[in-house]
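Take a look at the structure below.
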Amino acid sequence: MLPDFFAVEVIALFLAAAAGWYFARRSPSRPLTPPKPLNLEYFEGLNFVLNEESDKALEVFLRLVEVDDDTIETHFALGALYRRRGEVTLSIRVHENIIARPGLQTGHREHALFALGEDYFRAGLFDRAEELFKRLANGSGRSLGALRYLLRLYEQQGEWMDAIGAYERLKYLVSPEYPTAIAHYYCELAEQQRQAGNLAAAREWLHRVRAEQKHFPRSALLRADIALAEADAELAVRLCRRVVELHPHLLPLVLPRFMLALRATQSEAIASAFQAWLQAAPARRADIAYAAIVAGLETEPFVVECLRDFIRLDPNLGELVPALAGEPATLAVPQLTSLAGALGRIFRRTQRYRCVECGLGSATHFWQCPGCRSWDGLSPVARLEVVSRASNL
Ligand SMILES: [Zn+2]
């Protein structure tokens, strides 16, 4: 059986280690000593590697090559290899073995502590990872990397106050990787307070967002939720309209709030503004129909008004529906309603968003990509593309 990629990498490590061992012994600074019986152990280790017995291979390797200045990079490479392979217990042992070496240089110690922190992070041992990265974030040569890991760790655990602290410290060192991240942290805190019914505290956090990002759509939607909770439907509608003007692709998030505001108020002005919206260009009506279907509002009466345009403007549905049911203009309301229901079921299980950073597809909108953790990375897939893919199911 041919060795897999991991085995090849470890064999390369063994060869590098053996070469280091050999040249270290040939070094003029050391007296020439008879070689140790290397071969048997060396081939024993190789045998374990080829049989995919990584833990036994590690035992041999650690016995074979002691940590010293000649071999330390080999140990780091071995540790990183085990972590990449997902064998975190073994990478932890390699890095602990390095740290245990007396008289380790500061740079090597920091490197080993950082690598051990990465192991803990990968293993989900967040308390231990946090402790190490906090130590390294304070004045070590690894402070930048440690702060980046702390930020990831706090985001992953939803510790938004700590995330804000780490973000502020990072900002002094480098340009932020995701400039809107801190505004999202404040929104997370605002959302927690809103859900707990502390609307004033929620508004306070949203004030902080304004200092970081102007016209931040997530903040405006949260403010609309607070306005709805305070029975201020006019304000909720103003906020919703502004979000759609600046970020049309968020229409599926805005529409349910708009409907709540519409139902909550007796205001003629809001009702007629909504009607004016529906009377706008066919492309706008098609967008509203799509957003309503995606948002689960397909049974709302206004969807029927917009659905005919949605079908007509879509190249696939525009052919499919007339062939199966008749011209959209002639379809009766019950037919349109059941068509909207069927489309809703298809759309909601179709990946309607895709991350521009990692390509992850999602049927749900997330402010932070669940794959690569980038903020605002999820973009809507073009509406027509969704229909095209859905029709091919
Ligand atoms: Zn992503």
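What follows draws every value from the coordinates through simple rules; no lab data is involved. Model, not experiment: these values are computed from the prediction. Please note: Cβ atoms are built from the backbone with ideal geometry, for glycine as well, and neighbour counts cover all protein chains shown.
Some notes on this structure:
- Distance in nm between pseudo-label sites at A80 and A329 (7 Å out along the Cβ direction from Cα): 6.7 nm
- Amide H contacts of Q213 (H built 1.01 Å from N, under 5 Å, at least 5 apart or other chain): none
- Under 5 Å from the amide H of H247 lies no amide H of any residue 5 or more positions distant or on a separate chain, with H modelled from the backbone and absent for Pro and chain starts.
- Subtracting the Cα-Cα distance of R284 and L199 from their residue separation scaled by 0.36 nm leaves 27.2 nm.
- Between N138 and R109, the FRET efficiency estimated from the beta carbon spacing at R0 = 22 angstrom works out to 0.90.
- Dividing the Cα radius of gyration of segment 161-269 by 2.2 N^0.38 Å, with N the residue count, gives 1.16.
- Whole-Å semi-axes of the ellipsoid equivalent to segment 248-393 (Cα gyration tensor, √5λ, descending): 26, 22, 12
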